[in-house]
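Engineer: Okay, handing you the structure first.
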């Protein structure tokens, strides 16, 4: 039996459109010629990243010395991909997920609640028949669901006589849920800015649902009910507007407040809200939010403190990608001073300039870049430790003893798939996806504690220490086992378990690995 | 020497009245015929759950195939228990703790501060003599403790001329602290609803102090000063009203705000507040709380967003159990569609219906049920790994090498007693008590991040990975030790240590285990 | 080759001025005759704490039985230190860090952004030439940086015609950043109270930057960009006023709100804000902050709830040390009832007395003292386990196999230097610096969850369990290795790694340890 192990370089920027946020987060690790193992099945050996044959149980690695050849191939592929209109690619995909991957690829079924997360999945189904005008809707629903009618009554829609029918239709048997296009008729500027994000890089609100979630992410390699929560935020890519302008008031003032961003931009993976809240900017917001006039546009001089939207949607620009990260956030270590990042840096200096001198803004960005750079020193040190465990064949356990991953093979993923992996990989994943990104976000938002002791650099220290201690134990035991002739036999639980079994590929390899 | 190991099934619903919240949380693990080891002392072999003899150091397990016999016994016991009036049982217990268990059972003394946590313990002790009317109280205390007098002055009590004396008495040498009964004279509906909780299941505000804390929980197996914090929340079962309507303003509007629930319903064990705050419901609250009229009753149409009280105390119903969980929260995996849960499910669909369609509410509840179901697949997979370590006798260390637990024996508690246990049991405990319940709570409150990456399903992944890695090391070392003839001798620190020694049973077993 | 290992007792209170906050946190471990290992280089054997010679690889410990001798020496040293005026010591130090320690001691360079964190480092550098009066500043900056001009316009400074020039000068080529002395002209009482802190003990706002950060702490043993976040809070010791009264409004009302304290007094190391927020005090604040008149002085009867400033700056006293901890916070176990702590205890009873009886306040403080006492039982139990690993020579790895620490030697620091240490030391560090202090803070702020399950006592249980499990593995492996003759060879990664190498002392010891 032959096992196919592929080794490939990631090239930042090329694979955004087919990468999940999660994999994106790990991508940064690879931008300095670092390596990534991926053991795939023999039938997959058309893998464009190349690969090499190896005997079972023996992992061979190869640092690509000819990576430019692949880069050329990939560049061409990327150009071709870019030439494909995104919308038509989406259209071809419906019904969803035919081009997905993972254990659930063929059987993934959107849970019923997805109808309200993605208007394309909504099927009207209610006992009321008839065609109604807006006033009739309001009259009846004031009794049935009074709260949303109250919301509408205080909205500008009510003043402008934009009734329920404008967004949901008037035939009660054919009601629909609004899409961005529904709003576009009246709110052309905002929706077109939002749609510009489709071609503005990654991550982006407008890409959050379809390419990020449906086609490549958790939705297809975890039990559907387990990942509904992901879609609850990522739906901003399918519904769009009401993620921030909540139903049925659709207030601009509400969307300007940080609470509009909080439920998605918080938590271990993306602590944007907490980090900002903990900065002096956030402190002043907390002190003064009640005395602030939120009806004012997001323009210089109108607010005493910067909020999410003030900086990332200046002047109300709904293309947040344009106003957000430069240099791949904190998840990639790239040359942050390279020309391609200059425009965004200059934009940031302008945004900070409403309150701060350009000299201060520049110093702050320099510090941020340096802090990111230092944080990746730790990441690479940790990654080297994990790599060595694989090279020496002493990872507990080696990939072939794990249940196959969601791509259909065994992977030494360095944390990219953060379930059913050796805990040292999980530690590494958290080090990158949590501590390293938080170091960046803390620095970017001037939140000292976040950049250092609470979420950032000192957390990374903790992960590095834990990785060393875990690796040391593997090495000690392997040495003893070799000496006394008790070879390590990985436990069956790495392959099987009541939950783990649900994650396996549909058709396991015949050789029963 | 014989060691008695009992193995028994937990039967959900029967033992609420004598179980701690903590044990309750673990109970869910056992509702599908799973097992639980409990090694008790020989003198305890009258244990109603049966058991079997085993040689020392050899743990025998038995899946009860005849569990219905026990269920019958337990059902009868439960009926008998239900027939006992709760109040009289409480009365018989005072002075406190005579029927408790654990190392501190005979020596537990409420720290002095408990006088203010439990009105039954309060002893008036102050230098002022005399009998005063309310106006005299106010006149003097306006200087002594001005803040509480200010509070009272803006309260409805002041308007209604309900003075200090109404609750505390008028003899300064015989002052008392109010109990729910003190408030009942004027607030009959609310207090009687609160008292209904005594027979409404578990958990319940009205049962929080006496049965939960005094008789079975931490209060009796930890140093008293260490667990005062527990009682600071659980006092809602003894004082009742001022946990939410803070002294001495006793405002209904205040108690409607989520802050009233926050200090108890937050934190790792019960992240209700954070989970809700992170949902869109919480986001809208944050955006609009300052513009909300909190004097309005908790009725449909009165609030733009649902708060804790809006959903769990609809119309101001002070029996929160009636309006809370169905199907045992996320800590039990039961057939959530069973008829006994139908009434609560229907109630929830009604509550959601103030804003959402019943179809949406139903889909949301279905998703929640499915997410809980998936989460227990992980729990069982992890539990099987721990069980195997016990079966194989390779747990690090086996129970008999631990200091005796608070029930007087050694226990493989699977985390139920979360101190002085192998860290793998602690991991399991946290997996169930933190990650699994958060998955439920995240789904229940539509908080995607809580259900998945931050607190829920992905945290459970982390625990499962950590448990596997920890188990693997035990197995590898055991195998080597057997081969080379260096049997594992558990360290003395499992039995003794400056703190651990304080936790031991008063009278250790004679055989010195 | 000789290796010098020194063993010394810490004596609480003596070394404040040269200790970092971090080391301070650990100091408490040592106040009952406990020991601390510190392996220093031979050239360092003038260490005032004494020491003893030992063979390489063999650690010798000594419980000082003659600690009173050292105490005398130290007392004299402390008196001498106290006699040195702090200001002149600071002055002698500039330019910064010449007297520092650690790997970066000779090469530490304040990143550019420090100019805005420390007015002593600011160098004016802008293209505008000329001397301007305040009105000209305002006229021009209303366009250049409008937000700060708006802030100034609503400040009392504007009313009082205190223009930009009063704090920054009027020559655009010689602008400066204000120091506390700048404010002192008008705000004499507040600044002098703030400066009193310099001699009021540790920690103190006024000492936060220079002695704590520049001379002894992270700034000198971590890459500069990694620790900018530390200085963002600690700058309160160099700039002072605008940490709480934010630019350019400088509002007293703002500084009274808890948000003013939050960004520094939160997070894993010092959860003051979260702990208070989670208490009933914090709950009422959350419920009523919008209806509170924050322009009122911080005096009894003016507020319904206590905030950070209400208790720790009563009457607006800017010497927070006077109104803060007694008995060394929760990081030291001292005789908390000793006479030296009596004044602060009495003060606290007075502060609580605005709302509570003195009897309640006393009971609460007693409980707090007892809870701290119990928490240190766990700390000592854990420390004993670590000590034994060192005594037995089985720590994974022993200090000499680690990269040299920032003081130029190998240290068994018990967590004091929380990077590149065995993970068991990191666990111990977190147990003390996080769980133990939180137990204190939870009790001090009446936050039950913080004192117990979420941040405090139960977290300490978790750390203790993890420490036992980690120690047990070291012991088992060492025993096996000895039996089979495979001595443990610590991995190279303990000494070298891309990040670890940046932390090493400039000049490594010649013997290449």
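The values are calculated or read from the model by the stated rules, or taken from the named source; none is laboratory data. All values reported here derive from a predicted model rather than from experimental measurement. All Cβ positions, even for glycine, are placed from backbone atoms using ideal geometry, and neighbour counts span all protein chains on display.
Engineer: Being surrounded by fewer than 18 Cβ atoms within 10 Å (Cβ to Cβ), within 26 Å of the chain's Cα centre (by Cα) and without any contact (Cβ under 8 Å) to a residue 12 or more places away in the chain: is that true of residue B:370 here?
Structural biologist: no
Engineer: Out of everything in region C:222-237 that is surrounded by fewer than 24 Cβ atoms within 10 Å (Cβ to Cβ) and at pLDDT below 90, what residue ends up being farthest from residue A:285 (Cα to Cα)?
Structural biologist: Top of the filtered list is C:223.
Engineer: Moving on to the next point. For residue C:131, work out the one condition from (1) more than 29 Å from residue C:255 (Cα to Cα); (2) touching a helix residue (DSSP H, G or I) at 6+ places or on another chain (Cβ under 6 Å) it doesn't fulfil.
Structural biologist: (2)
Engineer: Separate question: How many residues are assigned to a loop (DSSP other than H, G, I, E, B) and either in contact (Cβ under 8 Å) with a residue 60 or more places away in the chain or under 22 Å from the mean Cα position of the chain (by Cα) (or both) when one looks only at region A:247-260?
Structural biologist: Residues in region A:247-260 being assigned to a loop (DSSP other than H, G, I, E, B) and either in contact (Cβ under 8 Å) with a residue 60 or more places away in the chain or under 22 Å from the mean Cα position of the chain (by Cα) (or both): 6 in total.
Engineer: Restricting to region A:150-163, and then to whatever is touching a residue at least 40 places away in the same chain (Cβ under 8 Å) and within 14 Å of chain B (Cβ to nearest Cβ), can you tell me which residue is surrounded by the fewest Cβ atoms within 10 Å (Cβ to Cβ)?
Structural biologist: A:154
Engineer: Related question: Which ones in region B:121-153 are in a loop (DSSP other than H, G, I, E, B) and under 35 Å from the mean Cα position of the chain (by Cα)?
Structural biologist: B:122, B:123, B:124, B:125, B:145
Engineer: Return the residue satisfying two criteria in turn: it lies in region C:231-246 and is at the interface with another protein chain (Cβ under 7 Å from one of its Cβ atoms) and within 14 Å of residue C:205 (Cα to Cα), and of such residues it is farthest from the chain's Cα centre (by Cα).
Structural biologist: If we take residues in region C:231-246 being at the interface with another protein chain (Cβ under 7 Å from one of its Cβ atoms) and within 14 Å of residue C:205 (Cα to Cα), then C:232 is farthest from the chain's Cα centre (by Cα).
Engineer: Give the residue that is farthest from the chain's Cα centre (by Cα), with candidates limited to residues of region A:337-361 that are within 8 Å of chain C (Cβ to nearest Cβ) and not in a loop (DSSP other than H, G, I, E, B).
Structural biologist: A:359
Engineer: Of all residues in region A:261-271, how many are free of Cβ contacts under 8 Å to residues at least 24 places away in the same chain and either in contact with a strand residue (DSSP E or B) (Cβ under 9 Å, 6 or more places away or on another chain) or more than 9 Å from chain B (Cβ to nearest Cβ) (or both)?
Structural biologist: Qualifying residue count, region A:261-271: 0.
Engineer: Determine whether region C:220-230 contains at least one residue that is within 12 Å of chain A (Cβ to nearest Cβ) and closer than 24 Å to residue C:162 by Cβ.
Structural biologist: No, the conditions are met nowhere in region C:220-230.
Engineer: Still on this model: How many residues does region A:272-321 contain that are in a helix (DSSP H, G or I) and within 12 Å of chain C (Cβ to nearest Cβ)?
Structural biologist: Total satisfying the criteria: 17.
Engineer: Within region B:461-483, does at least one residue satisfy the condition of being in a loop (DSSP other than H, G, I, E, B), modelled with pLDDT of 95 or more and in contact with a helix residue (DSSP H, G or I) (Cβ under 9 Å, 6 or more places away or on another chain)?
Structural biologist: No - not one qualifying residue is present in region B:461-483.
Engineer: Right, next: Considering only residues of region A:164-175 that are on the phi < 0 side of the Ramachandran plot and either in a loop (DSSP other than H, G, I, E, B) or within 14 Å of chain B (Cβ to nearest Cβ) (or both), which is surrounded by the most Cβ atoms within 10 Å (Cβ to Cβ)?
Structural biologist: A:164
Engineer: Going through C:408, C:416 one at a time, which residue ends up being more than 11 Å from chain B (Cβ to nearest Cβ), at pLDDT below 90 and crowded, with 23+ Cβ neighbours inside 10 Å?
Structural biologist: C:416
Engineer: Across region A:381-392, what is the total count of residues that are within 9 Å of another protein chain (Cβ to nearest Cβ) and either at positive phi or buried (at least 17 other Cβ atoms within 10 Å of the Cβ) (or both)?
Structural biologist: 3
Engineer: Now for a separate question. Considering every residue within region B:323-330, establish whether at least one is part of a loop (DSSP other than H, G, I, E, B) and within 14 Å of chain A (Cβ to nearest Cβ).
Structural biologist: Within region B:323-330, one or more residues are part of a loop (DSSP other than H, G, I, E, B) and within 14 Å of chain A (Cβ to nearest Cβ).
Engineer: While we're here: Hey, can you tell me all the residues within region B:176-218 that are assigned to a loop (DSSP other than H, G, I, E, B), touching a residue at least 40 places away in the same chain (Cβ under 8 Å) and over 18 Å from residue B:250 (Cβ atoms)?
Structural biologist: Answer for region B:176-218, where residues must be assigned to a loop (DSSP other than H, G, I, E, B), touching a residue at least 40 places away in the same chain (Cβ under 8 Å) and over 18 Å from residue B:250 (Cβ atoms): B:200, B:201, B:202, B:203, B:204, B:209, B:215, B:216, B:217.
Engineer: Which condition number does residue B:187 fail, the rest of (1) over 30 Å from residue C:352 (Cα atoms); (2) crowded, with 19+ Cβ neighbours inside 10 Å being met?
Structural biologist: (2)
Engineer: Somewhere in region C:471-482, is a residue over 26 Å from residue A:386 (Cα atoms) and within 14 Å of chain B (Cβ to nearest Cβ)?
Structural biologist: Yes, that holds for at least one residue.
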